[in-house]
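The values are calculated or read from the model by the stated rules, or taken from the named source; none is laboratory data. Treat the numbers as computed from the prediction; the structure is a model and nothing was measured. All Cβ positions, glycine included, derive from the backbone under ideal geometry; neighbour counts span all protein chains shown. For accessibility, only protein heavy atoms count, side chains too; no ligands or nucleic acids. Shrake-Rupley method; radii C 1.70, N 1.55, O 1.52, S 1.80 Å.
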Amino acid sequence: MTEISDRYRRLAAGFTERVTAVPADRWSSPSPCEEWTATDVVAHVAEAAGLFLGMVDRQAPPGPSASEDPIGAWETSRDAIQAGLDDPAVALLDYEGELGRATFEMAIDRFGSTDLVIHTWDLSRAAGLDERLDPDEVHQIFEAMSPLDEMLRTSGVFGPKLEPPPGADEQTRLLAFLGRAV
């Protein structure tokens, strides 16, 4: 196992904790992601397994849809990504992406793990759960994304950044930077 594999495992455990804590009546609650519900957030994160595995000519295993079983959909996705990270033959497979050559584990570390952290907050907000994120992860993500400000806006991945309240903590500043109203 690598540091990237361990990081994903830890972040996935945090997301799993939130997914399994969503009250049954909150799955249709709106999330901070425009036009997405709590279920849609989980669907997005779960569908990422197919995207990431597809970059290295692998397929995600079949599993339930998030609309039918959000917990099962997430667990199937999580386990597929983790298995790929734990297997050096898959983790080190490379592909040509928008940012140049990368490996499966690099893609998960740059994008998949970042997605987990941000969407942990989105899901928590939608479901009325604890919204605190790991401060070290928040700092690492903010440092990595800040130089990409213009690219993040033009790609349409994130909306316009918002002005954080005076004296805001780093999590609030990161979320405002990513266009999330807190």
Extension reserve of the Arg110-Asp6 stretch, reckoned as 0.36 nm per residue once the Cα distance is removed: 36.0 nm
Heavy-atom surface of region 1-54, accessible at 1.4 Å and reported per residue (Å²): 52
Estimated D of region 30-169 in µm² per second, where Rh is the Kirkwood radius over Cα pairs and Stokes-Einstein applies at 10 °C, 1.306 mPa s: 97
Two-site FRET efficiency, Glu98 against Asp130, from Cβ-Cβ distance with R₀ of 30 Å, rounded to 0.05: 0.30
Using distinct alpha-carbon pairs, which all enter the 1/r mean, Kirkwood radius of region 136-182 in Å: 10.7
Protein accessible area in the chain, 1.4 Å probe - carbon and sulfur %: 53
For the chain: relative contact order, % (alpha-carbon pairs under 8 angstrom, 6 or more apart): 23
Cα-centre dipole for the chain with unit charges at Cβ (Lys and Arg positive, Asp and Glu negative), debye to 20: 220
Rounded accessible area per residue of region 117-182, 1.4 Å, Å²: 53
Estimated inter-spin distance, Glu68 and Lys161, nm [label 7 Å along Cα→Cβ]: 4.3
Extension gain, Asp169 back to Thr154 (0.36 nm per residue minus Cα-Cα distance, nm): 2.8 nm
